[in-house]
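Take a look at the structure set out below.
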Amino acid sequence: MKKPGITMIALLATAVLLTGACVYAVFAQQRRPDADAAAGEAGGTVELKQLETEILQLEPTPVPTPEPYALPEGAVEIWCDRKPLMALGSKAEAEALLLDYLGKSMIETGTEKTLRAAFDCELLIVDATGTLPLSESAQALQTLLDDPSLVPVLLETERREMQTAPAAEVQTRDDPALAAGSRIVSQLGTAARVATTTMLTYRAGEVVTGSDPVSETQIEARATIVRRGIYVSKEPAKEPGNAEGEPGREAEGLDFTAPVKGVRISSYFGTRENRMHWGIDYQAREGTEILAPEEGLVVYCGERGEYGFVIDIDHGGGFVSRLTHCEDVQVELNQRVFRGEKIAVLAPLDDATAGKPHLHYELLIDGVPHNPVPYL
């Protein structure tokens, strides 16, 4: 084996030196932070410490847990759709509040009324947790009314509006049963009335659906009919006879009798002393019994001006008997009486100029006085 030459020895030495230099460089790099810190003591440490202080100040401050509200025993909370709304003193108070709120949410006006009302949400009454302050009932109710969306109410209503058409014109007709110069309104006119109905649904005070309006006639239009008298007595200056006046229609099913017995007719229907006498008179003693001329219902019973005390009996079919100058009346309004039944006695005449006591009897057919003689 040959001994190494000078060249080989030089290469080995160089390698050893390079390896040592690398090891020193690594060691020196690891010691640099301490060296930098030492160098900072000479003037660069202040900025690093300020930065550390600012970082510490950015950490969040812990939020303290709130103290629960002091509530009375038995206090509850109202929850709507799983959200707490308010706290009240008791379950009964909460139930009363919700019932009152539901009632005040209903619509009741002159044209609209509520048919159905219900809560349109999930309502719960739970034991109070102390997270809500206690509310007074009146304050809680006003809160709900001010903001109906807090507890939505579903309403179904009926809106009914009336429309009135102009009244029909007046119709005038000549009537030979009435004395000339007299008028009677036989039919009182009225305007047509139409009701328009709409069904509505509200939620939290807002309309969500509505039906098409439906109109219906409630009252048919009707003209006013005035009957104008044209009857004139053939001899108006004389006392009328028993056949004066326009004949009335048949009294089907009715059988009239004289309202007093054994007394003659002292004055007939017709024009008397140029004035119309609307009935017949029976001159009799005061206290004479007055009888019902036919079965019927008493529809008037009371004082009526110069007629004194008057009894009107409705016999049906448009026939009404009117008996005047009565006293000691033995019937009352809406009482049914029968043919020949005593209903009163003849009263004395207070006015001495009015002649002797007499019963004045009128027979009205469809509201118009006719001569009673043909029906007795």
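Considering only the stretch 17-128, give the helices (runs of 4 or more DSSP H) lying wholly within it that have at least 3 residues that are at pLDDT 95 or above, open to solvent by 60 Å² or more (accessible area, probe 1.4 Å) and under 24 Å from GLU206 (Cα atoms).
Values: elements: 32-40, 45-57, 91-105.
Output list reads 91-105.
Name the single residue, out of those in the stretch 146-179 being hydrophobic (A, V, I, L, M, F, W, C) and open to solvent by 60 Å² or more (accessible area, probe 1.4 Å), that is farthest from ASP366 (Cα to Cα). Among them, the one singled out is MET162.
Once the stretch 227-272 is narrowed to residues that are hydrophobic (A, V, I, L, M, F, W, C) and farther than 14 Å from TYR375 by Cβ, the residue that is nearest to the chain's Cα centre (by Cα) is ILE230. Just one of the listed residues (GLY302, GLY287) is of a type outside the set (D, E, K, R) and touching a residue at least 40 places away in the same chain (Cβ under 8 Å), namely GLY287.
Sort out which residues of the stretch 129-145 are assigned to a loop (DSSP other than H, G, I, E, B) and either in contact with a helix residue (DSSP H, G or I) (Cβ under 7 Å, 6 or more places away or on another chain) or buried (at least 17 other Cβ atoms within 10 Å of the Cβ) (or both), and write them in order of number.
Applying the first criterion (assigned to a loop (DSSP other than H, G, I, E, B)) to the stretch 129-145 yields 129-133, 135-136.
Result: LEU132, SER135.
The values are calculated or read from the model by the stated rules, or taken from the named source; none is laboratory data. Not measured: the values here are computed from a predicted model. Positions of Cβ are generated from backbone atoms using ideal geometry, with glycine treated the same way; all protein chains shown enter the neighbour counts. For accessibility, only protein heavy atoms count, side chains too; no ligands or nucleic acids. Shrake-Rupley method; radii C 1.70, N 1.55, O 1.52, S 1.80 Å.
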